[in-house]
Amino acid sequence: MSSVDWGDAPTWIAAVFAGGAALFAGMTIRSQRQQIDEQRVFIGEQSANLQLERTELRAVQEERRWAQAKQVVMHFETFGEEQDDEGNAVGYDRWVVRVTNGSDEPVRQILVRFGDTFNARTAVETNAQHLPDGGRRAVPMDLLGPGRTAIFESGRWSEQAVDNNRPVAHFTDAAGAAWCLNEHGLLVSEVDEPSGQ
């Protein structure tokens, strides 16, 4: 068996260099692990920041999507032509619904439905009543400009039928999204809902 010759200078020099190289390699690996850990932390922070930004952008986009539709309002009341002996209205036989576009852009395909079955019988654009057509429009109404109001009227029914067929306004905003607005002021996107038309 051979033994190391401890008196040989080249062996000493080789051993010192080999030990130094091993020490340097160990320190380099440790430094790289530390850098990798720091990069993981940094990437984690960046991912969290990106997620927050995405969430914020989605919220802004969703608010923009709803902004115009929120400016469309519906007012309604019942009407009747029967009168008592003193000329006071008695009972009611129809709905009269006012849809106002309070936004800066037009809305399209405006339709007032009563219950699940009946569409409005008439539509009149109030801002156009001075025109020869008296502001009468087809149902559904193709266009309602910014700041304009349309009056929709139901057919004539019994009081019970009027009570059972509450008004809901359907319309499409300037971006092409379909909406419905019920009697309680609840605005619903019709993206995932059947339009009922």
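Only the coordinates and a few stated rules stand behind these numbers; no lab work does. Predicted model only: the values in this text are computed from it and were never measured. Because the Cβ atoms are built from the backbone with ideal geometry, glycine has one as well, and the counts that use them run over all protein chains shown.
From the Cα gyration tensor of segment 88-197, with a ≥ b ≥ c the square roots of its eigenvalues, which class applies: rounded if a/c is under 1.5, or else prolate if a/b is larger than b/c, or else oblate? Oblate, because a/c is 1.5 or more while a/b does not exceed b/c. Think of the chain as having a plus end and a minus end, set by charges on the Cβ of Lys, Arg, Asp and Glu; of 17, 118, 52, 17 sits farthest toward the positive end of this dipole. GNM remark for the chain: springs join alpha carbons under 10 Å apart, and the peak mean-square fluctuation among 129, 109, 32 falls on 32.
Between residue 189 and residue 34, what FRET efficiency comes out of the Förster formula 1/(1 + (r/R0)^6) with R0 = 35 Å and r the beta carbon distance, rounded to 0.05? Here the calculated transfer efficiency is 0.10.
For the chain, a simple Cβ point-charge model (Lys and Arg +1, Asp and Glu -1, everything else neutral) yields a dipole of about 760 debye relative to the Cα centre. For segment 121-128, the Karplus equation 6.51 cos²θ - 1.76 cosθ + 1.60, evaluated at θ = phi - 60°, returns couplings of 7, 9, 9, 9, 7, 5, 6, 10 Hz by residue, with Gly and Pro reported as x.
When each of the peptides 169-178, 47-56, 70-79 is scored by the mean number of other C-beta atoms lying within 10 Å of its residues, the order from highest to lowest reads 169-178, 70-79, 47-56. Suppose R0 equals 35 Å. What FRET efficiency, 1/(1 + (r/R0)^6) with r the Cβ-Cβ distance, do residue 166 and residue 60 give to the nearest 0.05? It comes to 0.55. Annotation: the antiparallel percentage among DSSP beta bridges lying fully within the chain is about 100. Only helices enter the 222 nm calculation for the chain: every DSSP H run of n ≥ 4 contributes -39,500 (n - 2.57), and dividing by all residues gives -12000 deg cm²/dmol, rounded to 500. Under the criterion of Cα pairs below 8 Å and six or more residues apart, the relative contact order for segment 1-155 equals 18 percent.
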